[in-house]
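First comes the structure, then the notes that go with it.
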Amino acid sequence: MNDDVLDGPGNATISVATILAEAAHRYPDKTAVIWAGQTGPQSRATYRELWDDARRIAGVLRARGVQRGDRVAMLVPNVPDFPRVYYAVLAIGAVAVPIHLLFKKDEIAHVLRDSGAKLVIIGAPSLGEALPAAMEAGVDAVSVLLPEAAKDLAPIPRLEALMAEAEPIVRQEAMNPLEPATLLYTSGTTGTPKGAIGSHFSLVEQVHVSLIDLFDMGHDDVVFGGLPLFHTFGQTCVLNTAFRKGATVVMLPKFDPVGALTAMAEHGATVFTAVPTMYVGLLAGARAGAPKPKLRYAVSGGAPLPLAVLEDFSETFGATVYEGYGLTETSPVVSFNPIGQPIRPGTIGVPIWGVDVLIADADVDDRIVELPRGELGELVVRGHDLFKGYLGKPEATAAAVVDGWFRTGDLATMGEDDYLTIVDRKKDMILRNGYNVYPTEVEGVIMRHPAVQAAAVFGTPHAKHGQEIEAAVVLKEGQQTTEDELREFVKAKIAAYKFPRVVHLVDELPLGPSGKVLKRELTRVWSEDPVPAS
């Protein structure tokens with residue numbers, strides 16, 4: 001037998017771009033995307049229209065010298081142009097590099113340089129920060145969403161004009177399953193953002209497992225598209241999954257609760273996929289009198305959903321909330337409360353098909369030491385969903401993937417029935433007087449207070465206790481309470497070493513790219529005014 005055949009890459013091919021190409025072939029006249037709040041021909045597109053545009057954009061990219069394996073950065077909001085550009089990049093075998101839309105010039109320049117981007121496509125709202133970054137990094141740039149009348153405002157070509165002259169590609173490139181498809185930059189909670197490389201195989205397999213085992217999504221469903229599409233959650237669990245089924249996505253360029261509820265009600269949204277902060281927002285919007293869509297079910301991920309929010313949302317909207325768990329490095333889904341089975345509130349469900357999970361000793365870094373069921377440790381993962389590694393950072397990749405297992409940095413327990421419960425991020429755990437305090441547990445208690453809309457518990461340095469427990473709390477509109485009353489409320493419900501000694505009433509919590517609360521920012525701000533030793 002020929003060893004070269006055994007050891008070689010083989011002949012199998014796959015491409016994420018096939019998701020749109022096949023949908024255009026099977027459901028050409030079905031509405032693929034709706035741009036919420038817009039009217040006219042640009043406000044929606046069928047699958048055939050979307051794929052025709054993507055093929056033409058692919059022709060533009062080739063004409064500008066983009067080749068297989070090149071990285072193409074994109075700063076495009078949640079509008080129909082995002083899938084047009086995203087699938088165009090993938091269709092020619094290039095690597096899509098979506099960039100966080102709120103990044104400033106220096107942050108964008110870092111991603112452009114670190115990724116080695118050949119080209120960047122910049123949405124009109126991002127030109128002020130992204131165009132100087134592209135010029136500084138020496139990267140070719142093209143605009144999108146810039147009206148013809150405003151074309152002279154930016155000294156770069158308009159994608160719309162280039163499309164009119166381009167020769168569209170005929171079909172998507174055939175890719176080796178493990179070739180890179182996306183380069184997604186992590187939120188940088190521990191430093192400079194790193195580029196996580198996702199393969200075509202991992203991304204497509206995520207979609208298929210989700211549709212077979214996890215989501216009860218049908219061709220006639222209308223899916224809320226307010227999750228940022230530059231993030232893995234929005235790309236995989238909304239865009240790719242809905243398109244694979246031929247469903248319709250209602251795109252919301254910027255999330256606001258009333259706007260989201262209005263759009264979902266107007267367009268008949270049936271599936272709500274979001275992060276916990278969006279759940280809190282919708283509840284506030286409903287209290288303010290915004291219309292309520294008739295949802296079939298809802299999916300939550302990105303961070304633990306407080307039980308009080310889950311119960312309130314289910315009662316308010318009549319939709320069961322199914323929680324899952326994932327990360328950028330796992331494409332993203334690791335576990336889920338499968339639809340069709342009773343939910344286990346407070347858990348992140350069971351490992352999805354083809355993904356192994358175990359609980360490892362969090363204090364042993366150089367190898368994986370499995371702990372018995374029920375014990376608290378670090379959740380580690382292996383399976384079809386794992387990324388290829390961090391671009392240009394072999395040491396970071398080696399530290400993250402040990403013995404073939406990806407170390408998530410999350411502390412969790414696993415029951416005898418495989419249900420997983422996240423206790424907290426390893427780095428977020430607070431150590432006060434030698435006792436471990438898990439912020440998620442304390443936040444769950446605070447959220448039970450009737451006046452509280454959102455809460456984040458974090459640790460700050462303390463001269464006597466090592467760390468002190470503090471909480472930042474956002475109140476519901478029209479509700480009143482005091483810091484002291486909140487502190488006493490929590491103190492009466494949990495052990496004395498766990499309750500927050502300091503409570504801050506704030507207007508809003510700082511959020512990262514995926515809607516997670518940036519606790520490091522809270523720690524930084526409130527550490528500047530430390531609690532006195534007492």
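Read-outs throughout are calculated quantities, based only on the coordinates presented, and are distinct from any laboratory measurement. Given the structure is predicted, the values throughout are model-derived calculations rather than measurements. Here the Cβ positions follow ideal geometry from the backbone for every residue, glycine too, while neighbour counts run over all protein chains shown.
List of remarks:
- For Ser335, the amide hydrogen comes within under 5 Å of the amide hydrogens of Tyr325, Ile352, counting only partners 5 or more places away or on other chains and with H modelled in the peptide plane.
- Antiparallel bridges, percent of DSSP beta bridges restricted to the chain (to nearest 5): 55 percent
- Segments 307-314, 29-36, 226-233 sorted - mean Cβ within 10 Å per residue, highest first: 226-233, 29-36, 307-314
- Our summary gives the stretch 429-527 a relative contact order of 27 percent, counting only alpha carbon pairs under 8 angstrom and 6 or more residues apart.
- For the peptides 342-349, 86-93, residues were scored by their other Cβ atoms within 10 Å and the scores averaged per peptide; the highest-first order is 86-93, 342-349.
- Remark: the stretch 277-293, residue by residue, has Karplus-estimated 3J(HN,Hα) of 4, 6, 4, 4, x, 5, 4, 5, x, 5, 5, 7, x, 5, x, 10, x Hz, where x stands for each Gly or Pro and the curve is 6.51 cos²θ - 1.76 cosθ + 1.60 at θ = phi - 60°.
- Quarter of Cα convex hull surface for the stretch 151-213, i.e. mean projection, nm²: 8.6 nm²
- Computed label-point distance, nm, for sites Ala149 and Leu431 using a 7 Å Cα→Cβ extension: 6.2 nm
- When shorter helices are ignored and each DSSP H run of at least 4 residues is given -39500 (n - 2.57), the per-residue value for the chain at 222 nm works out to -8500 deg cm²/dmol.
- Packing, as the average of other Cβ atoms within 10 Å across residues, places the peptides 475-482, 288-295 in the order 288-295, 475-482, highest first.
- Additional length obtainable on full extension of the chain from Glu311 to Ala463, 0.36 nm per residue less Cα span: 50.8 nm
- Span from the the stretch 316-370 Cα centroid across to the the stretch 403-471 one, whole angstrom: 17 Å
- With contacts taken as Cα pairs under 8 Å and at least 6 residues apart, the chain reaches a relative contact order of 11 percent.
- Taken along the Cα-to-beta-carbon direction at a fixed 7 Å, the label points for Leu511 and Asp4 span 5.5 nm.
- Span per principal axis, largest first, for the Cα atoms of the stretch 328-427 (Å): 43, 26, 21
- If you sort the three axes of the alpha carbon gyration tensor as a ≥ b ≥ c, you get a/c of 1.5 or more for the stretch 172-307 and a/b no higher than b/c, which makes it oblate.
- Normalised alpha carbon radius of gyration of the chain [divisor 2.2 N^0.38 Å]: 0.98
- With a threshold of 24 Å on the Cα-Cα distance, the over-threshold entries among Lys104/Lys388; Lys104/Lys476; Lys105/Lys151; Lys292/Lys476 are Lys104/Lys388; Lys104/Lys476.
- For the stretch 429-527, DSSP calls about 80 percent of its internal beta bridges antiparallel.
- Lysines whose Cα lies under 20 Å from that of Lys426, excluding same-chain neighbours fewer than 8 positions away: Lys194, Lys498, Lys516, Lys519
- Difference of contour (0.36 nm per residue) and Cα-Cα distance, Lys104 to Glu395: 102.0 nm
- Geometric extent, Cα atoms of the stretch 239-348 - Rg, Dmax (angstrom): 13.6, 39
- Histogrammed with a bin width of 5 Å, the alpha carbon distances of the stretch 197-270 distribute as 3, 17, 26, 23, 18, 9, 4, 1 percent, first bin at zero.
- Note: the stretch 429-527, Cα convex hull, 94 Å³ per residue.
- Label-point separation, Arg113 to Ala495 (7 Å along Cα→Cβ), nm: 4.8 nm
- Efficiency of FRET from Cβ geometry, Asp216 and Asp484, R₀ 56 Å, rounded to 0.05: 0.75
- The His25 and Leu178 beta-carbon pair, evaluated with R₀ = 30 Å, returns a calculated FRET efficiency of approximately 0.75.
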